[in-house]
Amino acid sequence: MSAIEKPNPAFDEAEADRRLSVDQRDIVATLAKADNRMRARDYRAANAYYGQVGRLAQEGGTIARTELLRARDATIWLADYFRQAIVDGLASRGITATTMHPRFAKSLAIMFGEQARDPVYQRFPQMPNSYFYPDLPYLCFSDPSAHGWTAPIEAGFPDILEEAEELLKNSEFAPHVRDATDRPQGDVHGLVNDPRWSTWDLTAMGAPVPERTGLCPRTFELIDRNAPLCRIPSRAPTIMFSLLRGGARIPPHTGMMNARIICHLPLIVPGSGALRVGDHVREWQPGRLLMFDDTVEHEAWNHSSDNRLVLIFDVWRDEIEQVEREQICALFETVDESQPDS
């Protein structure tokens, strides 16, 4: 193994974790965490922590120049590794330059840094945290009436509300933003482990959780049967009840991937609350879907003294053809397989 693949951490991982638990901006501990993950051949975690070293340095973190350059070299090495692993993994699935949908091929070129995104002129552009899919029409909100599948879900509002009210009485909602133990985490929402924004998830890593769907079977059946759910192995769909407590606000943020649309079915709406996406603000209305691109900056607030509850799920954008959906799924499957054996 090269020196990049087998670095010598300044201290062991337990000490790195201890220091990061005290100060997540400890740049020396962040580099030690990256080095320990690299030695363990946990390349995705290592890449996240090496990248964090660079960000902390740009923000004024103090670290020896040789160490900063070493972190940079590691991110370059890892980028080359992941690029080749993705290309090989897709090829093993029969997805090559000649079989790729043009938009999918362009998304890879942007991901690999081989092509820049087209110029952006919107005040609030699409800014996905994970994966950008190009050449899709810009939108903030989408009109539910333009989608043929929405009517049965809105018609099922009474059944969904009844099951949701039972959950509120008998089940414990958990903070939506929770501590990450395997990646650098900044409290960008100001809500880490804060119950003011809590959720009750019907899925985990894209798969239904039987003991949860069994408690709200009509809700799950309505969504699963009617909505064109964004199904990506190990990632999507996400179906959950979202509780925003009275007086709470979710600060501006963006989502993971712009090939999907996020859907809100409002269930309990006390008033004095709304959702902003880009320059557009919509109030929740019980039983009336709101659909939006969450990679456009958005925020939500509940200025009332009572709790707001919505059902959230994600669907494919209509513009994404079936072959594209299959290739996007194959990409994420390949990413998950790109981790080398320890």
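The values are calculated or read from the model by the stated rules, or taken from the named source; none is laboratory data. Since we're looking at a predicted model, the values are computed, not measured. Every residue, glycine as well, gets a Cβ built from its backbone with ideal geometry; the counts of neighbours run over all protein chains shown. Just the protein is used for accessible areas: all its heavy atoms, side chains included, with ligands, DNA and RNA removed. Shrake-Rupley method; radii C 1.70, N 1.55, O 1.52, S 1.80 Å.
Remarks
- In sequence order, calculated HN-Hα J values of segment 76-90 (Karplus, 6.51, -1.76, 1.60; Hz; x Gly/Pro): 5, 4, 5, 4, 5, 4, 5, 4, 5, 5, 5, 4, 5, x, 5
- Computed over protein heavy atoms with a 1.4 angstrom probe, the accessible surface ordering of V315, V87, largest first, is V87, V315.
- Ordering S338, S92 by accessible surface, largest first, gives S92, S338; the 1.4 Å probe counts only protein heavy atoms, with every chain in place.
- GNM flexibility winner over the chain from A74, A146, A57 (Cα, springs under 10 Å): A146
- Using the Karplus relation 6.51 cos²θ - 1.76 cosθ + 1.60 with θ = phi - 60°, the per-residue 3J(HN,Hα) values for segment 10-16 come to 5, 7, 6, 5, 4, 5, 4 Hz, with x marking Gly and Pro.
- Evaluated at q = 0.09, 0.13, 0.14 Å⁻¹: base-10 log I(q)/I(0), Debye formula over Cα of the chain: -0.56, -1.14, -1.27
- Segment 132-149 and segment 1-76: distance between their alpha carbon centers, rounded to Å: 40
- Within the accessible area of the chain (1.4 Å probe), percent carbon and sulfur: 50
- Taking amide H as placed 1.01 Å from N in the peptide plane, T199 has its amide H under 5 Å from the amide H of A174, H176, L243, each at least 5 places away in sequence or on another chain.
- Shape descriptor for segment 187-342: Rg over Rh equals 0.98 (Cα atoms; Rh from the Kirkwood inverse mean 1/r).
- Whether segment 214-282 is rounded, prolate or oblate, judged on the alpha carbon gyration tensor where a/c under 1.5 counts as rounded: oblate
- Solvent-accessible surface ranking, highest first, for R288, R93, R282 at 1.4 angstrom: R288, R282, R93
- Segment 67-121 shape via C-alpha gyration tensor axes, a/c threshold 1.5: oblate
- The solvent-accessible area of E333, taken with every protein chain present and a 1.4 Å probe, is close to 60 Å².
- Estimated at the nearest 10 Å², the accessible area of H280 is 90 Å² with a 1.4 Å probe.
- Within the listed set R117, R308, R37, the Gaussian network model of the chain (springs between alpha-carbon atoms below 10 Å) gives the highest mean-square fluctuation for R117.
- Leading residue at positive end of dipole, segment 74-165 (Cβ point charges), from S142, P128, A116: A116
- Built amide H within the under 5 Å cut-off of T295, gap 5+: G255
- Using R0 = 45 Å, the C-beta based FRET efficiency linking E337 and S304 works out to 0.45.
- Dipole in debye (nearest 20) - the chain, about Cα centre, beta carbon charges: Lys, Arg +1; Asp, Glu -1: 620
- Overall form of segment 1-139 per C-alpha gyration tensor (a/c, 1.5; a/b vs b/c): oblate
- Taking each residue as 0.36 nm, the span from Q58 to K6 lengthens on full extension beyond its C-alpha to C-alpha distance by 16.2 nm.
- Simple Cβ-charge dipole of segment 1-93, Lys/Arg +1 and Asp/Glu -1, about Cα centre, in debye nearest 20: 220
- Per-q log10 I(q)/I(0), segment 122-183, q = 0.14, 0.18, 0.19 Å⁻¹ (Debye; single scatterer per alpha-carbon; no solvent): -0.88, -1.01, -0.99
- For segment 51-61, 3J(HN,Hα) computed residue by residue from phi via the Karplus equation (6.51, -1.76, 1.60; θ = phi - 60°) reads x, 5, 4, x, 5, 5, 5, 5, 8, x, x Hz, glycine and proline entered as x.
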